[in-house]
Amino acid sequence: MFRNSRRSDAHALINFHDLRRSLVVGYGVSGLTAVTAVLVVKSDHGNAGLLGVAGFEFVVAAMLAGWRSMPVWVIKVIAFGIAVLVISAVVAFANPVGPAPLYYIWPALTCAQFGTRQDGRLMMTWLTVSFALALLVAHDVQVPGILFISVVSIVGIVWAISSGGYARQRELTLALADAAATDGLTCLLNRRAFNEAFAREVDRALSANLPLSLVVFDLDYFKDLNDGFGHAAGDEALCAFSSILREQTSASDLVARVGGEEFAAVLFDKDLDEAQEVVDRIAQELLKWSADSPKLLTTSAGIAELGPKTSSPKEMLVAADRALYAAKDAGRNRVVQFGTLTARELASAA
């Protein structure tokens, strides 16, 4: 199965299209608020600046609404960087400053939900610098030092607590997804998760014009091991074979337990001959392990390659199953490639 890092998995859970849509609303409402403030509060200071800020926010909102394929990094800059800049501009031009600094909570919460820890540290640094400059420019601010310390402290605490909560939520979501996608005994992909991932791998191989092989394994006479030495011995053998599969396949391959003693491996960028080499190594490692077990354990395997007659996951699975059946019918403890089956063998395995 894929060995992606936990952090990248958690980051993949974030829906940045939702963030983009929420920013459209946020910037639009903020622009209307600035215009309303200019109309309601008759001030000799900052009206032109506030109107400029409002116009800029409307432009950003329109850009967010129209650019649906906006890159993630651009969305982040707008959400965490430009949002702080806009609020600092409002602080600088508003007279009186009033509750304007409280709006810093918006990018802080947004960053906590949609950003990384590194994003949050950069956002808080940028907020601290820009807010300090805004207070220097702002007109008639009383006790600016206390206001600065209070706002930065409160916003920082809000970001830290919210960030921890969202991170924990994503970890729990990942844990639940892992539990639903993996076999409880071997920790390999289960059949449902394997079928979904296999379909994606076939699409990836076809788009990249790379070979792809599917191997289906069956542990020979596994029932005799269970009946003769107990289920604990059987479970130990299943776990050992799972470890061998993980060790002998690469990080880009898929490995799954698809039945009681049946396993599957999708070998990316490997043709039939290369897949055969992998299967031979797996069989040898299984023999080495079982030499010290109560019963010598072997495996039968069927291999199918992505090709004109096996161009879909379903066709590859049928082909690999037929090759596996032929291997078992020929006496077990052997590997059969689907392409080598004769018409008679194909009819027998159908």
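None of the figures in this text is laboratory data; all of them are computed from the coordinates on show. On a predicted model such as this, the values are computed, not experimentally measured, just so you know. Reconstructed Cβ throughout: ideal geometry from the backbone, glycine too, with neighbour counts over all protein chains shown.
State, to one decimal in nm, how far the label point of R21 lies from the label point of A233, with both points 7 Å from Cα in the Cβ direction.
For the pair R21/A233, the computed spacing is 5.8 nm.
Using a basic spin-label model with each label point 7 Å from the Cα along Cα→Cβ, how many nm lie between R168 and L210?
About 4.0 nm separates the two model spin labels.
Which of I161, I282, I244 moves the most in a Gaussian network model of the chain with Cα springs under 10 Å?
Of the options given, I161 has the highest mean-square fluctuation.
Pulled fully out, how much extra length does the chain show between A180 and D271, if you take 0.36 nm times their separation in residues and subtract their Cα-Cα distance? Let's see the in-between values first.
On the way: separation 91, 0.36 × 91 = 32.76 nm, distance 3.10 nm.
Gain on stretching A180 to D271: 29.7 nm.
With Rg/Rh (Cα atoms, Kirkwood Rh) defined as stated, name the option among [x] 1.23; [y] 0.98; [z] 1.10 computed from the structure displayed.
Comparing each candidate, only [x] matches the computed number.
Using R₀ = 41 Å, calculate the FRET efficiency as 1/(1 + (r/R₀)^6) where r is the Cβ-Cβ separation of I146 and S69; round to 0.05. Working shown, then result.
On the way: r = 45 Å, r/R0 = 1.10.
FRET efficiency, I146 to S69: 0.35.
Count the lysine pairs in the stretch 218-350 that are 8 or more places apart or on different chains: how many have C-alpha atoms under 27 angstrom apart?
Lysine pairs meeting both conditions in the stretch 218-350 amount to 11.
With everything on Cα atoms, drop me the angle between helix 16-40 and the longest principal axis of the chain, reported from 0 to 90° to the nearest 10.
So the helix axis and the longest Cα principal axis differ by about 10 degrees.
At 7 Å along Cα-to-Cβ for each site, give me the label-to-label distance between L102 and L136 in nm.
Label at L102, label at L136, 2.8 nm between them.
Note the per residue figure in Å³ for the convex hull of the C-alpha positions in the stretch 6-179.
Value for the stretch 6-179: 101 Å³ per residue.
Under a Cβ-only charge scheme (Lys and Arg +1, Asp and Glu -1), can you give me the dipole magnitude of the chain about the Cα centre, in debye to the nearest 20?
Working: 30 positive and 35 negative charges, 227 e Å.
With Lys and Arg at +1 and Asp and Glu at -1, about 1080 debye.
Within the stretch 156-185, what residues put their amide N at less than 12 Å from the label point 7 Å along the Cα-to-Cβ vector of L109?
Output list for this probe position: 158-159, 162.
Just to check I understand the Karplus step: with θ = phi - 60° and J = 6.51 cos²θ - 1.76 cosθ + 1.60, what whole-Hz values come out for the stretch 251-266, glycine and proline as x?
So the J values, rounded to whole Hz, are 5, 8, 8, 9, 10, 8, 9, 9, x, x, 10, 10, 10, 9, 9, 9.
For the stretch 191-349, what does the relative contact order come out to in percent, with C-alpha contacts under 8 Å and a separation of six or more? Let's see the in-between values first.
Details: 252 pairs, mean separation 44.1, N = 159.
Over the stretch 191-349, the number comes to 28 percent.
Report, in deg cm²/dmol and to the nearest 500, the calculated mean residue ellipticity at 222 nm for the chain, where each DSSP H run with n ≥ 4 adds -39500 (n - 2.57) and the sum is divided by the residue count.
Helices in the chain give a 222 nm mean residue ellipticity of -21000 deg cm²/dmol.
I need S163, S150 ordered by Cβ neighbour count within 10 Å, fewest first.
On the way: S163 20, S150 12.
Fewest-to-most Cβ neighbours within 10 Å comes out as S150, S163.
Which whole-number percent gives the relative contact order of the chain, counting Cα pairs below 8 Å spaced six or more residues apart? Don't skip to the answer; put the middle values down first.
Values: 471 pairs, mean separation 49.2, N = 350.
In percent, rounded to a whole number, it is 14.
Using the Karplus curve 6.51 cos²θ - 1.76 cosθ + 1.60 with θ = phi - 60°, work out ³J(HN,Hα) for each residue of the stretch 208-217 in order, rounded to whole Hz, and write x for Gly and Pro.
For the stretch 208-217, the Karplus curve yields 8, 6, 10, x, 8, 10, 10, 10, 10, 10 Hz.
Using amide H atoms built 1.01 Å from N in the peptide plane, name the residues 5+ places from T182, or on other chains, whose amide H lies under 5 Å from its own.
N190
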